[in-house]
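The values are calculated or read from the model by the stated rules, or taken from the named source; none is laboratory data. Owing to the predicted nature of the structure, the values given are computational and were not obtained by experimental measurement. Quick reminder, even Gly has a Cβ in these numbers, built from the backbone with ideal geometry, and neighbours come from all protein chains shown. Areas reflect the complete protein model, heavy atoms only, side chains present, ligands, DNA and RNA absent. Shrake-Rupley method; radii C 1.70, N 1.55, O 1.52, S 1.80 Å.
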Amino acid sequence: ASARDDEIGRGQTLVGPHRDDLLLSMGTISVGTYGSRGQQRSATLALKLGEAELMRNRAGDAPVLLLDDLLSELDAERRSHLLATLAQPGQQTLVTATGMEDFDAAFLERAKKVRVENGRLYPS
């Protein structure tokens, strides 16, 4: 309540769990400080997928996953594993990407693809 006027003035919330910092580590090593970009992305995706699994188990229904620029900075092995994970029955996922060359053929065969160009949608 004490931050309400400031939040209205800034047009954003200033307190809450979305404002907290999260420290991820592999053993005793900070992923944020010492991990590669691919390791950082992998850790973030692991958290998202774990959260989705928890929600699925608790609610009995899979949440819709929204994943932006999904495969950037992941090596081929991590890409393959991630795409296989997203192919679970009942999982609906919206993915953005700047290109489709990193997606495997089996994933693209199952996916409904839409190209966005100059603010317009083009089903393909």
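Residue-wise, which Karplus ³J(HN,Hα) couplings in Hz belong to segment 100-112, taking 6.51 cos²θ - 1.76 cosθ + 1.60, θ = phi - 60°, and x for glycine or proline?
Karplus-based 3J(HN,Hα) across segment 100-112 equals 10, 5, 8, 8, 6, 4, 5, 5, 5, 5, 7, 7, 8 Hz.
Could you check how many percent of all C-alpha pairs in segment 36-123 are farther apart than 23 Å?
Considering segment 36-123, 26 percent of its Cα-Cα pairs are separated by more than 23 Å.
Counting Lys and Arg as +1 and Asp and Glu as -1, what is the net charge of the other residues whose Cβ lies under 15 Å from the Cβ of V64?
With Lys, Arg at +1 and Asp, Glu at -1, the neighbours total -1.
How tilted is helix 37-59 with respect to the longest principal axis of the chain? Cα atoms for both, answer in degrees (0 to 90, nearest 10).
Value to nearest ten degrees: 90.
Output the relative contact order of the chain, whole-number percent, from Cα pairs under 8 angstrom with separation of 6+ residues.
16 percent
Using 0.36 nm times the number of residues separating E77 and L108, minus their current alpha carbon distance, what extension gain do you get?
Length gained between E77 and L108: 9.5 nm.
In segment 36-123, what percent of the accessible surface is made up of carbon and sulfur (1.4 Å probe, ligands and nucleic acids excluded)?
Carbon with sulfur: 52 percent of the solvent-accessible area.
Using a cut-off of under 12 Å, list every residue of segment 86-124 whose amide N is near the label point 7 Å from the Cα of K48 along the Cα-to-beta-carbon line.
86, 93-97
Could you sort 90-101, 18-29 so that the peptide with the highest average Cβ count within 10 Å comes first and the rest follow in order?
The densest-packed peptide leads the list: 90-101, 18-29.
Any chance you could run the full-extension gain for D69 through I8? It's 0.36 nm times the residue separation minus the Cα-Cα distance, nm to one decimal.
Working: separation 61, 0.36 × 61 = 21.96 nm, distance 3.09 nm.
So the extension gain works out to 18.9 nm.
Which order do the peptides 33-41, 78-86 take when ranked by the mean count of other beta-carbon atoms within 10 Å per residue, highest first? Kindly include the intermediate steps, with their values, before the conclusion.
Values: 33-41: 14.0, 78-86: 16.4.
Most protected by this proxy first, the peptides run 78-86, 33-41.
Compute the helix-to-body angle for 76-86: its Cα long axis versus the longest principal axis of the chain, expressed 0 to 90° and rounded to tens.
80 degrees
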